[in-house]
Amino acid sequence: MNSDELFHNSIESLYKYKEELKNILEETKAKISSLNDVLTERYHNTARDKLADEGKDYGSTTLNEDGYKIKVTLSKKVTWDQEGLSKEFSEMNPEDARHFAKLSYSVEEKKYNAAQPNIKSKLQNHRVVELRGTTIDILEG
């Protein structure tokens, strides 16, 4: 229906139309979720192995199949042990602690990766990295 047709419809028909669209949207979301599950099952391990060959646990890589490019992204989620970081920061040079720490005792990934080895080794003990999710896009070659 175009907007002019919608404007002149009764509130009852607008309600029914909106509910119908909500149902279509939910069905479409469920189908996309199922497709994403299949794509993840099909390509996750290959992408993980390819990233491992590059010395990476997370990131994006592209696979090729039948003239299509399959871009797989393994996202990471980094959390920090608050009690452990608190102890490390309290024992660290105050200037370094102010540079790396936030009030919630987290460390920006960019700063952690650029940290001096002695600081990085102390922080490493309190760093938890988890797979956040896998995203797969398919593009025509």
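Laboratory data are not the source of any read-out in this text; all were calculated from the coordinates shown. Keep in mind that what you see is a predicted model, and the values were worked out from it rather than measured. Methodologically, a virtual Cβ is constructed for each residue, glycine included, from the backbone with ideal geometry; neighbour enumeration extends over all protein chains shown.
Annotations for the structure displayed:
- Helical mean residue ellipticity (222 nm; -39500 (n - 2.57) per DSSP H run of 4+; nearest 500) of the chain: -18000 deg cm²/dmol
- Global form of the chain, assessed from the alpha-carbon gyration tensor, a/c cut-off 1.5: oblate
- On Cα atoms only, tilt of 82-91 relative to the major axis of the chain in degrees: 30
- Residue-wise HN-Hα couplings along the stretch 104-113, as the Karplus relation 6.51 cos²θ - 1.76 cosθ + 1.60 with θ = phi - 60° gives them from phi, are 7, 6, 10, 10, 4, 4, 4, 5, 4, 5 Hz; Gly and Pro carry x.
- Near Leu14, once Lys and Arg are set to +1 and Asp and Glu to -1 for all other residues with Cβ below 15 Å from its Cβ, the sum equals -2.
- Per-residue 3J(HN,Hα) values for the stretch 27-44, derived from phi via the Karplus relation 6.51 cos²θ - 1.76 cosθ + 1.60 with θ = phi - 60°, read 5, 5, 4, 5, 5, 5, 4, 5, 4, 4, 4, 5, 4, 5, 4, 6, 10, 4 Hz in sequence order (x marks Gly and Pro).
- Convex hull volume of the Cα atoms of the stretch 80-127, normalised per residue: 65 Å³.
- With the convex hull drawn around the C-alpha atoms of the stretch 1-42, the volume per residue stands at 54 Å³.
- Computed 3J(HN,Hα) for the stretch 61-66, one whole-Hz value per residue from the Karplus formula 6.51 cos²θ - 1.76 cosθ + 1.60 where θ = phi - 60°, is 8, 10, 10, 10, 8, 6, glycine and proline marked x.
- Charge tally in the Cβ shell below 12 Å around Leu85, where Lys, Arg are +1 and Asp, Glu are -1, Leu85 excluded: 0
- Distance violations [Cα-Cα > 23 Å] among Lys22/Lys71; Lys71/Lys102; Lys76/Lys110; Lys56/Lys111: Lys22/Lys71; Lys71/Lys102
- Averaging the sequence gap over all C-alpha pairs within less than 8 Å and six or more residues apart, then dividing by the number of residues, gives the chain a relative contact order of 28 percent.
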